[in-house]
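Undergrad: Quick one: structure below, then a few questions.
The values are calculated or read from the model by the stated rules, or taken from the named source; none is laboratory data. Please read all numbers here as calculations on a predicted model, not as lab measurements. Counting neighbours? That spans all protein chains shown, and the Cβs are built from the backbone with ideal geometry, glycine included.
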Amino acid sequence: MTLGYDAAGRSTTRANATMSEDFVYNLVGNLTKTRGFAYTYDPPGRCSPASTPTATPSPTPTTTTAAPPP
């Protein structure tokens, strides 16, 4: 396994023979992207839920009720 770090000691890359992963940080050091997930932060620095750049909403489940047999 290969690991990479930036000057602040944060992980920037992780790789082995089958996968590679990058870690991206914003100016204040918060993780903003990894493994296809994007993270955003509000002004106080709280992380919002992770989202994928290509996420599509799941369809709303529907329930059908059949009439009882005669």
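Undergrad: Quick check on segment 11-50: of everything there that is over 13 Å from residue 1 (Cα atoms) and among the acidic types (Asp, Glu), which residue is surrounded by the fewest Cβ atoms within 10 Å (Cβ to Cβ)?
TA: Going through the qualifying residues, I end up with 42.
Undergrad: Considering only the chain, give the strands (runs of 3 or more DSSP E) lying wholly within it that have at least 1 residues that are modelled with pLDDT of 90 or more and touching an Asp or Glu at 6+ places or on another chain (Cβ under 6 Å).
TA: Numbers: elements: 2-5, 11-15, 20-25, 31-34.
Because the criterion is at least 1 residues that are modelled with pLDDT of 90 or more and touching an Asp or Glu at 6+ places or on another chain (Cβ under 6 Å), the strands (runs of 3 or more DSSP E) in the chain that meet it are 11-15.
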